Every structure is written in C-alpha cells, then in structure tokens.
Amino acid sequence: NSSAGYFIRLDTTIICFYTSAATVDRTYSFAQNTWYHIAVVSSGTTGTLYINGVAQGATFSTNGTQDTTDPFLIGRTTTLTNYFTGYISNLRVVKGTAVYTANFTPPAAPLTPIVNTNLLTCQSNSFVDNSANNFAITVAGNTAVQKFSPFAGTTLPTPYYSA
C-alpha cells in the first residue's frame with residue numbers, strides 16, 4: 001500500500017523501498033530478461049536492502065506504521081494504473097524474523113515456509129498461499145502463471161493456465 005505501509009518500486013536504474021518513516025533509493029543497473037533475488041529485511045527498526053544476496057548501501061529506518069485495514073498488494077500500488085510489468089517468483093513475507101543479517105547466497109531452489117512466514121506465493125501453477133495461513137489470493141489485471149522458473153533445472157507442475 002503506497003499511502004500507509006511499505007512498498008518496493010524498481011525500474012532499470014533504481015530500486016526504492018518506502019515506509020511511512022522513510023524512502024530509500026538505491027541505484028542499481030537491472031538488466032532485462034534476468035532474475036534478481038530482492039530482500040528487504042528489518043531487524044528491530046533497522047532495515048537492509050539486498051539484491052542477489054549483497055547489501056545495497058547503508059541501513060535505514062523501518063520504524064514506520066502499517067495500515068492493516070488496506071489489502072496487501074503484489075505487483076501494483078493502490079493506484080489502479082501502477083502495475084509491475086515483470087515476473088515475480090517465490091514471494092515470501094516473514095514477520096518477526098530477520099531472515100538475512102549479512103550478505104548471503106540467494107536460494108537455488110523454491111522457497112519453503114520458515115518460522116514466522118505470513119505469506120508464500122508465486123511459486124506454483126496457481127495463485128495460492130503456501131504458508132500455513134493459506135490466504136485467499138484475488139487475481140487482477142492480466143496476471144498469468146508462466147511455465148518457467150528462476151531456478152536452474154526446476155520445472156513447475158502442470159497444467160498451466162492464465163488467469
């Protein structure tokens with residue numbers, strides 16, 4: 001939610017993490033047709049942005065507020081015209097555990113639920129939450145499941161469909 005929460009925005013030369021407490025911009029040269037592992041980690045009120053396992057710039061404040069009455073949106077902001085035009089795979093939201101605390105090697109296989117996983121999606125042939133919460137996911141726009149994966153040698157289950 002772009003008005004009272006957190007969001008990540010990226011284009012070919014920048015990645016931005018926004019909270020109600022701060023806006024953090026990092027310059028990064030994203031190449032087309034390339035997968036990137038992006039992680040935003042908050043430990044207490046200190047945040048770190050990682051791309052492909054490497055911390056990007058200095059830490060920042062994550063001491064913002066989250067409006068929990070608004071829906072959690074993936075691939076778009078609250079403005080209906082701002083859609084992400086790329087691919088998302090293995091989106092995991094963990095609340096209460098700082099998954100990464102230093103540079104790391106990005107996962108080479110699909111993510112699994114870990115302690116405090118609130119949402120785990122975009123990793124199968126349908127739009128489902130693979131966390132213990134099993135949240136219902138509402139698909140909007142021209143969102144579709146595609147038959148490829150960022151993990152070498154990993155194939156996704158069939159059948160595939162467009163939503």
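The values are calculated or read from the model by the stated rules, or taken from the named source; none is laboratory data. These numbers were taken from a predicted model, which means no experiment stands behind them. With ideal geometry, Cβ positions are generated from the backbone for all residues, glycine too; neighbour counts draw on all protein chains shown. For the accessible areas, the whole protein counts, side chains as well, though only heavy atoms, and no ligand, DNA or RNA atoms are used. Shrake-Rupley method; radii C 1.70, N 1.55, O 1.52, S 1.80 Å.
Can you run down the residue pairs with Cβ atoms below 6 Å, 6 or more apart or on separate chains, where the first is in the stretch 113-142 and at positive phi and the partner is among the polar types (S, T, N, Q) and surrounded by fewer than 16 Cβ atoms within 10 Å (Cβ to Cβ)?
The qualifying pairs are N116/T97.
Consider A55 against the criteria (1) modelled with pLDDT of 90 or more; (2) over 28 Å from I14 (Cβ atoms): it satisfies all of them except one. Which criterion is unmet?
In the conditions (1) modelled with pLDDT of 90 or more; (2) over 28 Å from I14 (Cβ atoms), A55 misses (2) alone.
Considering only the stretch 141-156, how many residues are hydrophobic (A, V, I, L, M, F, W, C) and surrounded by fewer than 13 Cβ atoms within 10 Å (Cβ to Cβ)?
Within the stretch 141-156, residues that are hydrophobic (A, V, I, L, M, F, W, C) and surrounded by fewer than 13 Cβ atoms within 10 Å (Cβ to Cβ) number 3.
Consider T85 carefully, then state whether it is at pLDDT below 95, open to solvent by less than 80 Å² (accessible area, probe 1.4 Å) and under 23 Å from D11 (Cα atoms).
The answer is no for T85.
Could you tell me whether A98 is at pLDDT 85 or above and either in a strand (DSSP E or B) or open to solvent by 60 Å² or more (accessible area, probe 1.4 Å) (or both)?
Values: at pLDDT 85 or above: yes; either in a strand (DSSP E or B) or open to solvent by 60 Å² or more (accessible area, probe 1.4 Å) (or both): no.
It is false that A98 is at pLDDT 85 or above and either in a strand (DSSP E or B) or open to solvent by 60 Å² or more (accessible area, probe 1.4 Å) (or both).
Output the qualifying pairs, or none if there are none: Cβ atoms under 8 angstrom, residues six or more apart or on different chains, first residue in the stretch 83-94 and within 16 Å of A144 (Cβ to Cβ), second residue outside any loop (DSSP other than H, G, I, E, B).
Short answer, once both residue conditions are applied: Y83/R76; F84/R76; L91/L119; L91/L120; L91/T121.
Kindly establish whether A136 is open to solvent by 80 Å² or more (accessible area, probe 1.4 Å), at pLDDT below 95 and under 17 Å from N52 (Cα atoms). Spell out the reasoning first.
Details: open to solvent by 80 Å² or more (accessible area, probe 1.4 Å): yes; at pLDDT below 95: yes; under 17 Å from N52 (Cα atoms): no.
When the stated conditions are applied, A136 does not pass them.
Taking the condition of being in contact (Cβ under 8 Å) with a residue 40 or more places away in the chain and either open to solvent by 60 Å² or more (accessible area, probe 1.4 Å) or part of a loop (DSSP other than H, G, I, E, B) (or both), how many residues in the stretch 24-40 meet it?
Qualifying residue count, the stretch 24-40: 2.
When the residues of the stretch 118-130 are filtered to those that are outside any loop (DSSP other than H, G, I, E, B) and under 24 Å from F148 (Cα atoms), which remaining residue is most open to solvent (accessible area, probe 1.4 Å)?
In this case the residue turns out to be L119.
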